[in-house]
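The structure under discussion appears below in the form of structure tokens.
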Amino acid sequence: MDLAVEINDLNYIYPNKTPALTKINLKIKKQKKTAILGTNGSGKTTLIYHLNGTLLNEDGTLKVLDHFVNKKNLHKIRQIVGLLFDNPDNQLFSTTVYGDIAFGPRNLKLDQQEVNKEVEMAMKKVGIEEISNRPPYNLSLGQKKRAAIAGLLAMNPQILACDEPFSGLDPSISKQLRTILDDLKEQGTTLIYSTHDVDLTYAWADEVIIMKEGRVLDSGPVSILRDEELMQKSGLPLPTLARLFKHSKFNPRTIEEASKFIMS
Ligand SMILES: Nc1ncnc2c1ncn2[C@@H]1O[C@H](COP(=O)(O)OP(=O)(O)OP(=O)(O)O)[C@@H](O)[C@H]1O
């Protein structure tokens, strides 16, 4: 199996002694959309922050594309894993969108022409060319998220780890962002995102990791979200379509699939 991330016996306790992750063992596949799903406080963000070394494990091991995540490796790890923060204001600091996206390539000491090329490519992938000269602080949330993603894409990460990427977005902007992320996956990027949205995950993700109180309850293909006992343990509801089609031999994951079934 081609692995993007491999985690063995990872524990993490915050400095104030809150245990946030306990005995995490996980394998996350390459070039898939993997959701980290759990109720508030279940450890999703803490886990995502470990993927690029924003938080460093105290014991256990974490590897991304066969590189150990540790203090010595951080430069390499952050080229491999782009981390999208929940709040894009924590990611956008320049006076223009262009400046923010150019920050990473400039740090890599690329010449101006190469920087321009990376920035233009990244802006094109998320469709924000027209706001290149705007200051990030007065953009809409959807624009800020796209600008922050472009900043990550300019570094050509193989893995994109997104903390609650869809929170606060209206349905149409959320859909637009999913299309952008789908295109990135098509181009070979591995996507890992945290969420507590079971319906969105059931419809969109390939794989799911279910967290509860800092532990992994279960992981596997999204079909595990149909397991009532598991979902009850997780504190999350069954996906609406799984509930509706509980007694059917069909398992539609999207409204489109469900309506095809109903009309047939
Ligand atoms: N900086 C911190 N210092 C101390 N404890 C923290 C810190 N950040 C998170 N925690 C605690 O760690 C545990 C896991 O929190 P985490 O933010 O990872 O959960 P989450 O699943 O992402 O929650 P949410 O969905 O609400 O964002 C919680 O008990 C939380 O209170």
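Every number here is computed from the coordinates shown, using simple stated rules; none is lab data. Since this is a predicted model, take the numbers as computed values, not measurements. As a convention, Cβ positions derive from the backbone with ideal geometry for all residues, glycine included, and neighbour counts pool all protein chains shown.
Quick rundown of the values:
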quantity	calculated
Considering residues of region 14-29 that are surrounded by fewer than 15 Cβ atoms within 10 Å (Cβ to Cβ) and either in a loop (DSSP other than H, G, I, E, B) or among the β-branched types (Val, Ile, Thr) (or both) only, the residue farthest from the ligand (Cβ to nearest atom)	Lys17
Per-region count, region 43-95, residues among the acidic types (Asp, Glu), in a loop (DSSP other than H, G, I, E, B) and farther than 15 Å from Ile28 by Cα	2
Cβ-Cβ under 7 Å pairs, at least 6 apart or on other chains, region 154-170 side touching a residue at least 24 places away in the same chain (Cβ under 8 Å), far side within 16 Å of the ligand (Cβ to nearest atom) and β-branched (Val, Ile, Thr)	Ile159/Ile192; Ala161/Ile48; Ala161/Ile192; Asp163/Thr45; Asp163/Ile48; Glu164/Thr195; Phe166/Thr195
Scan of region 191-223 for residues that are assigned to a helix (DSSP H, G or I) and crowded, with 16+ Cβ neighbours inside 10 Å, ordered by number	Val198, Asp199, Leu200, Thr201, Tyr202, Ala203, Trp204, Val222
Pairs with Cβ under 9 Å, 6+ apart, first in region 38-52 and over 16 Å from Leu160 (Cβ atoms), second within 8 Å of the ligand (Cβ to nearest atom) and of a type in the set (Lys, Arg)	Gly38/Lys44
Options Met231, Met263, Met211: the member that is free of Cβ contacts under 8 Å to residues at least 12 places away in the same chain and either touching a strand residue (DSSP E or B) at 6+ places or on another chain (Cβ under 6 Å) or among the aliphatic types (A, V, I, L, M) (or both)	Met263
Residue within region 30-51 that is buried (at least 17 other Cβ atoms within 10 Å of the Cβ), away from the ligand (no atom under 15 Å from the Cβ) and small (Gly, Ala, Ser) present	no
Single condition Asn11 does not satisfy, out of (1) in contact (Cβ under 8 Å) with a residue 12 or more places away in the chain; (2) surrounded by fewer than 18 Cβ atoms within 10 Å (Cβ to Cβ); (3) closer than 23 Å to Leu200 by Cα	(3)
